[in-house]
Amino acid sequence: MASPMWDLAHAVWQFAPMCGDGDRWLEGRPGAPDRPARIAALVGGYGLGAGRADELADMVADHTRS
C-alpha cells in the first residue's frame, strides 16, 4: 500500500506524462501533451493544497528515479 501522495505522484508521472516529447510512450499522439494543464487538473481534482506542491514535486522525482 502506498501513501495518497505517492499515488498522486504516480498519476502525475503516468498521465502528465513525465517523459521527453520524443519518448516511445508518446508514439501515435498528435503532439506533445500539455503537461502543466494535465498536472494542474490532477492536483486540482485531488484537492492538494498549494503548500504541498514541493512535497509532490519531490515524490514525482523519487518515482521517476525508481
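Read-outs: derived from the displayed coordinates by stated rules, not from any lab. Predicted model only: the values in this text are computed from it and were never measured. Heads up, the Cβs are rebuilt from the backbone with ideal geometry, glycines too, and the neighbour counts pull from every protein chain shown.
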Over all Cα pairs of the chain, how is the pair count split among 10 Å bins, expressed in % and running from 0 up to the last occupied bin?
-> 20, 52, 24, 3
Furthest towards positive pole of dipole, Trp6, Ser66, Pro17, structure part the chain, Cβ charges = Pro17
Which residues does a label at Asp34 reach in the stretch 1-27, if reach means a backbone N under 20 Å from a point 7 Å past the Cα toward the Cβ?
-> 12-22, 26-27
What is the magnitude of the charge dipole of the chain about its Cα centre, with +1 placed on the Cβ of each Lys and Arg, -1 on the Cβ of each Asp and Glu, and no other charges, expressed in debye to the nearest 20?
-> 140
With Cα coordinates, the longest principal axis of the chain makes an angle with the long axis of helix 4-15, in degrees rounded to 10, of 10
